[in-house]
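Engineer: I have a structure I would like to understand better, so I am pasting it below and will then ask my questions one at a time.
The numbers here are math on the coordinates, done by the rules we state, and not lab data. Keep in mind it's a predicted model, so treat the numbers as computed, not measured. Note that each Cβ is placed from the backbone with ideal geometry, even for glycine, and that neighbours are counted across all protein chains shown.
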Amino acid sequence: MKKRDLITGILYMVFGVLCLAAALLRESRLEGVWWGFAGAGILPGAGMVCKYFYWNTPKNKERYKARLENEWIERHDELKTAVRDRAGRYAYTFGLLVLSFGMLLFCVLDVLDIMGNARLLVLCLGGCLLFQIVAGIVIFHQLMKQY
Amino acid sequence: MKNRVEQLRKAQGLNQDEFAKKLRVSRQTISSIETGKYNPSLELAFAISKFFGKPIEEIFICEGGTNYEEA
């Protein structure tokens, strides 16, 4: 592993410790957020540092090389890339359907007075739906410009 | 698309895993190519052809079913 990975791990831990200090020393309504960031910084950072020292021992060097090679193959293999792209398309379409159905459901619940204040929720879902559609079209056209 | 990849691979005494590692692809890709479920990209087809030292046409057999009109 590269020294850069060790430095990244240390920076994560430093960030986590700073957030932990903010959570412990200051009382605020954002305390939960500070605790969350502290955990998100310290634990992965510690993991990165441990991984750096583990994989850099002489007896693990060959295993690490093989592991890197396998990771490269998994990331760049053309069949898996094609399947991942197709899975992304299905997830995108399914996401649009879920958002649309969610909007309809909360509209009906609001009208029937089963759920109050659903209007904001419907507007948020509608915003997400619109954003996904527009983003999909814009990104498609941007990518097509390469060709 | 039919192909002779499995036949040529076995002639070289390689299993799918070893062959996949030599081409830097996954074993599933090799398996899918050999069973005809997946057609490799041009790049991979050329890599396979170079590996076996044979022209592409001798390895991959295109049997009609194209999406375009023939001249």
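Engineer: Report yes if A:Glu31 is away from chain B (no Cβ under 14 Å) and closer than 30 Å to B:Ala20 by Cβ, otherwise no.
Structural biologist: In short, no.
Engineer: Take A:Ser100 and tell me if it is assigned to a helix (DSSP H, G or I), on the phi < 0 side of the Ramachandran plot and either surrounded by 15 or more Cβ atoms within 10 Å (Cβ to Cβ) or out of contact with any strand residue (DSSP E or B) (no Cβ under 7 Å at 6 or more places or on another chain) (or both).
Structural biologist: yes
Engineer: Where residues in region A:18-76 are in a helix (DSSP H, G or I) and among the basic types (Lys, Arg), which of them is surrounded by the fewest Cβ atoms within 10 Å (Cβ to Cβ)?
Structural biologist: Checked region A:18-76; the qualifying residue surrounded by the fewest Cβ atoms within 10 Å (Cβ to Cβ) is A:Lys59.
Engineer: Can you find, within region A:80-116, the residue that is farthest from A:Leu129 (Cα to Cα) among those that are more than 14 Å from chain B (Cβ to nearest Cβ) and among the charged types (D, E, K, R)?
Structural biologist: A:Asp113
Engineer: Here's something else I'd like to know. Pick from region A:70-79 the residues that are over 18 Å from B:Leu42 (Cβ atoms) and at the interface with another protein chain (Cβ under 8 Å from one of its Cβ atoms): which of them is farthest from the chain's Cα centre (by Cα)?
Structural biologist: Result: A:Ile73.
Engineer: Could you grab the pairs with beta carbons closer than 9 Å, sequence gap of 6+ or different chains, first residue in region A:111-130 and touching a residue at least 60 places away in the same chain (Cβ under 8 Å), second one in a helix (DSSP H, G or I)?
Structural biologist: none
Engineer: Looking at (1) within 18 Å of A:Thr81 (Cβ to Cβ); (2) part of a helix (DSSP H, G or I); (3) not hydroxyl-bearing (Ser, Thr, Tyr), find the lone condition where B:Lys22 falls short.
Structural biologist: In the conditions (1) within 18 Å of A:Thr81 (Cβ to Cβ); (2) part of a helix (DSSP H, G or I); (3) not hydroxyl-bearing (Ser, Thr, Tyr), B:Lys22 misses (1) alone.
Engineer: Hey, another quick one. Could you check how many residues of region A:107-118 are of a type in the set (D, E, K, R) and under 28 Å from the mean Cα position of the chain (by Cα)?
Structural biologist: Of the residues in that region, 0 qualify.
Engineer: Out of all the residues in region B:25-44, which are hydroxyl-bearing (Ser, Thr, Tyr) and either under 14 Å from A:Ala82 (Cα atoms) or within 7 Å of another protein chain (Cβ to nearest Cβ) (or both)?
Structural biologist: Matches in region B:25-44: B:Ser26, B:Thr29, B:Ser32, B:Tyr38, B:Ser41.
Engineer: Pairs only if they're at least six apart or on different chains, beta carbon under 7 angstrom, first in region A:33-55 and touching a residue at least 12 places away in the same chain (Cβ under 8 Å), second outside any helix (DSSP H, G or I); list them, first residue then second.
Structural biologist: Every condition considered, the pairs that remain are A:Lys51/A:Met1; A:Tyr52/A:Met1; A:Trp55/A:Met1.
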